[in-house]
1. Which of the residues that make up segment 46-58 are in a strand (DSSP E or B) and either on the phi > 0 side of the Ramachandran plot or over 13 Å from the mean Cα position of the chain (by Cα) (or both)?
2. Of everything in segment 12-33, what is surrounded by fewer than 16 Cβ atoms within 10 Å (Cβ to Cβ) and over 17 Å from His79 (Cβ atoms)? Give them in sequence order.
3. Does Glu65 satisfy being touching a helix residue (DSSP H, G or I) at 6+ places or on another chain (Cβ under 6 Å), within 23 Å of Met1 (Cα to Cα) and free of Cβ contacts under 8 Å to residues at least 60 places away in the same chain?
4. Out of curiosity, is Val43 of a type in the set (Val, Ile, Thr) and part of a helix (DSSP H, G or I)?
5. Which residues, taken from segment 1-14, are outside any strand (DSSP E or B) and in contact with a helix residue (DSSP H, G or I) (Cβ under 9 Å, 6 or more places away or on another chain)?
6. If you take the residues in segment 86-105 that are surrounded by 10 or more Cβ atoms within 10 Å (Cβ to Cβ) and in contact with a Lys or Arg (Cβ under 9 Å, 6 or more places away or on another chain), which one is modelled with the highest pLDDT?
Amino acid sequence: MQITITFRHLEATEAIKEHVENKMEKFKKYLIRPIEAHVILTVEKIRQQCEITLSARHFHATAVETNTDMYTSIDKAVHKLERQVKKHKEKMKRHKNGIHTGKLPLPPVEMVEADV
């Protein structure tokens, strides 16, 4: 998994990089082939924003979170992204198993022998 971290108006520290990389590791278990994760960390006055874009083979997800603490922003954005990835994985699992939403399965048909 390739993780790109962009710092805007913020000092690039090793602690923040490690925190982001540790949080992004959890997506390896959900996605088969995660291709790229782009994390943008921005500071504007007291607002500290984290924007994460995750791109996999046929799936793209984005999460943006703003808080007064950068670590909290990162954690909340990862949580939002995790919910999106889990929802996508459940959709794919339902589709693969033939359980489509909106369509109810037909009741089983009983065979009755007729005397002719």
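The values are calculated or read from the model by the stated rules, or taken from the named source; none is laboratory data. Keep in mind that what you see is a predicted model, and the values were worked out from it rather than measured. All Cβ positions, even for glycine, are placed from backbone atoms using ideal geometry, and neighbour counts span all protein chains on display.
1. Arg47, Gln48, Gln49, Cys50
2. Result: Ala12, Thr13, Glu14, Ala15, Lys17, Glu18, Ile32, Arg33.
3. Yes; evaluated as a whole, the condition is true for this residue.
4. Numbers: of a type in the set (Val, Ile, Thr): yes; part of a helix (DSSP H, G or I): no.
No; evaluated as a whole, the condition is false for this residue.
5. Hits for segment 1-14 are Met1, Leu10.
6. Ile99
Conditions (1) surrounded by fewer than 14 Cβ atoms within 10 Å (Cβ to Cβ); (2) out of contact with any strand residue (DSSP E or B) (no Cβ under 7 Å at 6 or more places or on another chain); (3) within 19 Å of His19 (Cβ to Cβ), marked per residue:
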{"position": "Ile35", "(1), (2), (3)": "yes, no, no"}
{"position": "Leu41", "(1), (2), (3)": "no, no, yes"}
{"position": "Lys45", "(1), (2), (3)": "yes, yes, no"}
{"position": "Glu51", "(1), (2), (3)": "no, no, yes"}
{"position": "Leu54", "(1), (2), (3)": "no, no, yes"}
{"position": "Asp69", "(1), (2), (3)": "yes, no, yes"}
{"position": "Ile74", "(1), (2), (3)": "no, no, yes"}
{"position": "Lys80", "(1), (2), (3)": "no, no, yes"}
